[in-house]
Each structure stands twice: as structure tokens, then as C-alpha cells.
Amino acid sequence: MSVNGINSNGFDFSKLLGDRATTPAAGSAGAVDFSSALKLQMANLEAQTVGSLVSSALGSGKVSGAASFADILGLGKTAGTSSLEEMLGNAASVNGVSAPGRNMALFDPESAYQMMTLINTKAATYKAESSEMGDMKSYISTLQQEAVKLGGTDALSSGEEVRGRVQAFADAYNGWMQRFGSELQDGGLLAGTQAAKVSQWEFEQSIANPFNGAKDGLHGMADLGLSIDPLTKLATLDNARLDAALTNNKTAAIGALHEFTANFAKAAELLNSAGNFIANRLDNLSRVISYIDTNMASLQAEFGQGDPAMPSGQVAKALANYNATHGVG
């Protein structure tokens, strides 16, 4: 049964953790307040539940105002009904649903239980995502450093030295893609994370940019042999093409390298900067994780335990890394 069985609007996690290019500063108009968002969702859920109970009771033929709240809840000791103690004590199942872990005082305990199952799962996946985004931030810093090293080439650098630095950059980029590529694909842990997808797109576009070296008649890094394979998304280096560019006009080739590395390093810096994509996402994740952890016990007491999260694959690995980093046993 869906959570919609309780709440006609559903329990919408997108309202708790948006994934936008920018996030308003705390305290500013429009700032995201996760505790308020979750409380609002809970209040809406409870209001819908009570409304359904009252509508059901009044629609059963009772005169408006004639039923006590205990009668509305079906807990009154009336003819043909059982007391609350008897109901809970004898209820091995309700509509075929096992009672353990469910709050049987609710109008629809199964939907509440399913909602808590979702919260349990989100609590685990948010922590896993936070761990992966933290690693991505570190990898982006590494790529920035490799771009700066590549930009250190000059007209006095030998062809072998230039080839070595370009290859080192390509290897670093491929390390990034091999680490996160599967997670960025559909169904991956980071597939729905805008900050991660924007980072991937920005780096690809930086390498593919045809305007680096344009003033000297070059068409970006492709003319220097560096390109992105359209299938694997990995960087490949054609040494013959790079050597030809260095032989034909070394000054122009080095100039193109300098333009490319400056732009790439700047993109990496901006992605990791305070108030931008990576930092915003990590901040949002930190706040929603903190709220769920702080309120998990009270949420489960009110809505039931829910099924425990059962992460697997990369999610399980990332969650274990998060727990180790944060000292969670």
C-alpha cells in the first residue's frame, strides 16, 4: 500500500532535499529548512489521517457530534467492539498485515509503516551520497592540480615532457571517470544528483571546447590529440597528433594548452567553491541527515518502525565509508 493511502498528497521527499544549482543562504528568503519541511509533511499526514477518520465515522450513519473521539477511533467499549487492549492484544494481523513494528493506534498503520520504510532507506542513501560527494570533491581538487601542472609547460619543454604531462592529465581524468562513471549513469547512486552531473558535463565540455587556441588557428585540445571517447567517456591521447602540433607550431600548441588548463582549473575551482554545486549539496545532505538522525526515534514511535534499510553494492560500500568517517558503529 502506498503512503498515499494516508495522505492524498503523498510523502514528498523532494520537498525535504532539493537538488538545485544554488541554495539560498540560511536565514534568507527561500532558504531550505529541512526540519520545518519534514514537520510540515508530518503535520499534513496527521491532518489527513484525522480527517479520514472523522469522515469515515460521520459517513457511517452517526449523527455529527454524537460520537466521542474514542468512538471515532474505534476504541470505545461499545456493543460488538473490543477495547483497545483487546484489539492490540489479539491482533496477530490487520487486513493480512502483521502487527509487529506497526503503530496499531493509527487509522492506516501499514501506510505509516511504509512511510517509515522509505525514511529508513533515505537515511541510508543520503549518507552514502554524502560520502561519495565528499570523495568527488577530493577528486575534483586532484584534477585541478593536474591541470595546473599541465599548464606549467612552456616553449622550452621537450616534446617528451609535454607528452608526459598531457598523459598524466588524461590518466587523472580517467581515474575520476572510472571512480564515478557508473554512479553517474541511470540507476547509479549519483545519477539524480545535479551537482555530480554538472561536474561531469563541465569537465567534458572543457576538454571538448574547440576555442582553446583559436587565435592561432587551432581547434582546442582535439588538435593536440586529447579527446573524449563518446562511448566510454574516457580521455584518449593521440601522441602522433600531439607531436605533429608541436612540430608545426610549438608556440601555438603551448598557447592552446595554457588556455585549456586555465579554463579547466577555474571550472574545478568553481565547482568546489563555497556556495556552489558541490558545497551546497554536501551542506543540504548534512542538514537532512542530522534532522533524520535526531528525530528517527520519535518518528518511529509515532508511525511504526518500518523495514530496515538494506543497501547493497556501491550504496552499501559508501554507507560503510560514511559510518567509518563519522565514527558510527
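Of the accessible area of region 116-281, computed with a 1.4 Å probe over protein heavy atoms only, carbon and sulfur atoms account for 52 percent.
Would you rank V148, V288, V315 by solvent-accessible area, highest first, keeping every protein chain in place and using a 1.4 Å probe?
V148, V315, V288
Taken over region 229-329, the ratio of Cα radius of gyration to 2.2 N^0.38 Å equals 1.86. The candidates T125, T251, T232, arranged from most to least accessible area with a 1.4 Å probe in the full protein assembly, appear as T251, T232, T125. With both labels modelled 7 Å from their Cα along Cα-to-Cβ, the N103 to K215 distance reads 6.6 nm. Rounded to the nearest 0.05, the FRET efficiency derived from the C-beta distance between V148 and S298 at R0 = 45 Å is 0.35. When the pairs K122/K197; K137/K250; K127/K149 are compared against a 26 Å limit on Cα-Cα distance, K137/K250; K127/K149 fall above it. Distances between placed amide hydrogens fall under 5 Å for L226 paired with D238, all partners being 5 or more residues away or on another chain.
Extent along the principal axes, Cα only, for region 140-277: 46, 32, 23 Å, with the longest axis given first. Could you report the accessible area of K127 in Å², rounded to 10, computed with a 1.4 Å probe on the protein chains as they sit in the structure? Spelled out: K127, probe radius 1.4 Å, area about 30 Å².
The values are calculated or read from the model by the stated rules, or taken from the named source; none is laboratory data. Note that the structure is a prediction, hence the values are computed from the model and not measured. Neighbour counts are summed over all protein chains in view; Cβ atoms, including those assigned to glycine, are modelled from backbone coordinates with ideal geometry. Accessible surface is based on the protein model in full, side chains and every heavy atom, while ligands, DNA and RNA are left aside. Shrake-Rupley method; radii C 1.70, N 1.55, O 1.52, S 1.80 Å.
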